[in-house]
1. Where the second residue is at pLDDT 90 or above and not hydroxyl-bearing (Ser, Thr, Tyr) and the first is closer than 22 Å to Thr11 by Cα and surrounded by fewer than 17 Cβ atoms within 10 Å (Cβ to Cβ) and lies in segment 72-89, which pairs have Cβ atoms under 7 Å and are six or more apart or on separate chains?
2. Filtering segment 1-53 down to residues that are among the β-branched types (Val, Ile, Thr) and assigned to a helix (DSSP H, G or I), which residue is farthest from Tyr153 (Cα to Cα)?
3. Failed condition for Ser166, given (1) more than 16 Å from Thr40 (Cα to Cα); (2) assigned to a loop (DSSP other than H, G, I, E, B); (3) at pLDDT 50 or above, with all others met?
4. Is at least one residue of segment 64-76 of a type in the set (Ser, Thr, Tyr), within 17 Å of the chain's Cα centre (by Cα), under 20 Å from Asp155 (Cβ atoms) and in a loop (DSSP other than H, G, I, E, B)?
5. Kindly establish whether Thr157 is hydroxyl-bearing (Ser, Thr, Tyr), at pLDDT 75 or above and under 18 Å from Arg44 (Cβ atoms).
6. Six or more apart or on different chains, Cβ atoms under 8 Å: show the pairs whose first residue is in segment 42-57 and touching a residue at least 24 places away in the same chain (Cβ under 8 Å) and whose second is aromatic (Phe, Trp, Tyr) and crowded, with 19+ Cβ neighbours inside 10 Å.
Amino acid sequence: MERSAIAEAVTRAIAEEDGYAGLRVSSAGISVRKPGTPMTGQARDSLEANGYETRPHQARQLEIELLNKTDLVLCMTQREAAAVMHMVGNHHKNEKPAYIPEIGILPVFAGYKEEVGNPNNKVRKIHPLLRGPVYAAFGFFDLEDPRRVQEVYNDLTACIIDYAESTLERLLREGRITKQAITKQASYIVTP
């Protein structure tokens, strides 16, 4: 489920609407199955249902080159943050790094206690042999209640909106961004 793509779209839209010029927001996954895959219809619909327009998006794998250009990496879960830290550590294991980005968990950074778990866990499971073909054709899907999937996406998007607003407010309070220009890059990392 495209948690990071939704977070990227929401954060970018809020920043543009509130006058944070120059914000660079990007998303990447730590285990992307198919790089270049566009956002699913459910993700687009959830953004639109919450008042956000969608832009073209393609899934991409997190690579060290992106981390080296990033000031702040906000992951969806502790496990994902640990994977990013491991990636940075492995890349720099034989040398002292000149730069390491700040790595955190989006909801915690925003002042909430919970993680952004994989919402697919809230959708009834499909037989393991059918998951791949069904996901490839429809995204996450609940054979017993297809509308349930859209509800999960809508709930996820509503949470991410709160996290994005709180994150931007915190960065502003800490003086890391300004209303005139945001010079830091925030990346949201997620596994599918």
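The values are calculated or read from the model by the stated rules, or taken from the named source; none is laboratory data. As the structure is a prediction and not an experimental result, all values here were calculated from the model. Here Cβ is always computed from backbone atoms with ideal geometry, including for glycine, and neighbour counts include all displayed protein chains.
1. Final answer for the pair search is Gln78/Ile105.
2. Restricting to residues being among the β-branched types (Val, Ile, Thr) and assigned to a helix (DSSP H, G or I), the top hit is Ile14.
3. Tallying (1) more than 16 Å from Thr40 (Cα to Cα); (2) assigned to a loop (DSSP other than H, G, I, E, B); (3) at pLDDT 50 or above, Ser166 fails exactly one: (2).
4. no
5. For Thr157, the condition - hydroxyl-bearing (Ser, Thr, Tyr), at pLDDT 75 or above and under 18 Å from Arg44 (Cβ atoms) - is met.
6. If the second residue must be aromatic (Phe, Trp, Tyr) and crowded, with 19+ Cβ neighbours inside 10 Å, the pairs left are Gln42/Phe140; Gln42/Tyr153; Ala43/Tyr153; Asp45/Tyr153; Ser46/Tyr153.
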